[in-house]
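Just so it is clear, none of the values below were taken in a lab; they were calculated from the coordinates. In this text, all values refer to a predicted model and were calculated from it rather than measured experimentally. Neighbour counts are summed over all protein chains in view; Cβ atoms, including those assigned to glycine, are modelled from backbone coordinates with ideal geometry.
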Amino acid sequence: MIVPGPVVTGVAGMIYLKVHWNHESEKLPIAFYCELDGDRMEVRKVELFADGSLGYANEKRSSGKTILGALPMPPMAELSASPNYTPAEITRDEFEDVWRLARWE
């Protein structure tokens, strides 16, 4: 399977992902949106929960239990290989739309 390279738009070197998380827990997010720097560290994150609520985090603030990851996000090939994750590259504009929604909730 060929995995395309990261979608990099807007801020130089930033990567934007949407990842569906396949699990049975009602307390964990069902998807998350990430803005990653060149080292694949989360800069901003939005989590989507099954009830439709959103959590967000950046280095200065967060909502609910959403926090930034302490380790780099694995490469797309590694995420794609896991049955627990369904990753997709998104544009900066798509990320910004979700970020604004999460901040206004």
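How big is the charge dipole of the chain about its Cα centre, in debye rounded to the nearest 20, if each Lys and Arg gets +1 on its Cβ and each Asp and Glu gets -1 on its Cβ?
Values: 11 positive and 16 negative charges, 50 e Å.
Using Cβ point charges on Lys, Arg, Asp and Glu, the chain gives about 240 debye.
So if each residue of separation counts as 0.36 nm, and I subtract the Cα-Cα distance between F49 and W104, what length gain in nm does that give? Walk me through the numbers before you get to the answer.
On the way: separation 55, 0.36 × 55 = 19.80 nm, distance 1.57 nm.
This chain segment gains 18.2 nm when fully extended.
Run the numbers for E24 and E59: contour at 0.36 nm per residue of separation, minus the present Cα-Cα distance, in nm.
Numbers: separation 35, 0.36 × 35 = 12.60 nm, distance 2.92 nm.
Length difference between fully extended and current span is 9.7 nm.
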